[in-house]
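Report on one structure; see the data block that follows.
Taken together, the values in this text are just the output of simple stated rules run on the coordinates, not laboratory data. The model shown is predicted, which means the values in this text are computed figures rather than measured ones. With ideal geometry, Cβ positions are generated from the backbone for all residues, glycine too; neighbour counts draw on all protein chains shown.
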Amino acid sequence: MQAYRNGCNFVSDRVYQTRNLVQASLHKGTYQDLRSVYDLRSQMAQSVMKTVIARYKSNKTNGHDWSKVRFRKPEYDLVWNRDYSLLGGMFSVNTLQGRVKVPFETKQMEQFFDGTWTFGTAKLVFRKGKFFLHIPVTKEFPDADLNEVRNIVGVDLGLNFLAVTYDSRDLTAFYKGRYIKDKRAQYKRVRKSLQQKQTSSARCRLRKIGNRENRWMTHVNHAISKALVEQAGKNSLIVLEDLEGVRSATEKV
């Protein structure tokens, strides 16, 4: 994982200097060094390039200024059926020393291992003395039968009210967002203050605050989504507004 992280930083330096996000041309300038200097296997070297490109593209999509991406914590992106697979109830993971088989715990996620879900590119991370494999999963579901819809719910998203719903039963619900707006503004003020200090301790605290805010917003979004679904009830069609440009709007908070 450390070799993978070091390889990511090497490629990130090249991307930052050239602003080149095309893997084919990056391959020509980095692949041999990834193999010989960082001792990465062929598939690992390809994954390093994909990891770095994805991070820069994500920053660009989110409206961030062009800046060098640094990979500080050990991590490793694994392609399904190439870098990792599931055999005999154990994960087979590709490492620098060859493939190793490791047991795992699902912790109430057994439903995703019933064979009906497709695994994607996973991320292996090391936190507090333990390894965690974050696996994105997808599953094909039949299209909804619109003839079975008994209720249509329109959802309008905002800041002072996170969501306002109105359905075909003439029921309206408001989900207040003033507290969320104020807390995000507070986080923004703290980030701005820390960015101005330009010290190592300030940068460390800045990362921690960013992670804390992300976890908090993930929880808020999950809670709101769950509340909307429960309020709509069965056989309901939920219609959301077009969210294009919503990030640039919320950044002005």
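Details
- Prolate/oblate/rounded label for the chain (Cα gyration tensor, a/c 1.5): oblate
- Cα-based convex hull, the range 2-72, per residue volume (Å³, whole number): 75
- Based on DSSP H segments of at least four residues, each scored -39500 (n - 2.57), the chain has a per-residue ellipticity at 222 nm of -14500 deg cm²/dmol.
- On the basis of the beta-carbon distance and an R0 of 30 Å, residue 131 and residue 23 show a calculated FRET efficiency of 0.60.
- The packing ranking of peptides 128-141, 45-58, highest mean first, is 45-58, 128-141, where packing means the average number of other beta carbon atoms within 10 angstrom of each residue.
- Calculated FRET efficiency, residue 209 to residue 14, Cβ-Cβ distance, R0 = 30 Å: about 0.50 to the nearest 0.05.
- Beta bridge orientation in the chain: antiparallel %, DSSP, nearest 5: 85
- Euclidean distance between Cα centres, the range 58-74 to the range 111-170, Å: 26
- Listed by chain and number, the lysines whose alpha-carbon sits under 17 Å from that of residue 50, ignoring those within fewer than 8 places in the same chain, are 28, 60, 68, 123.
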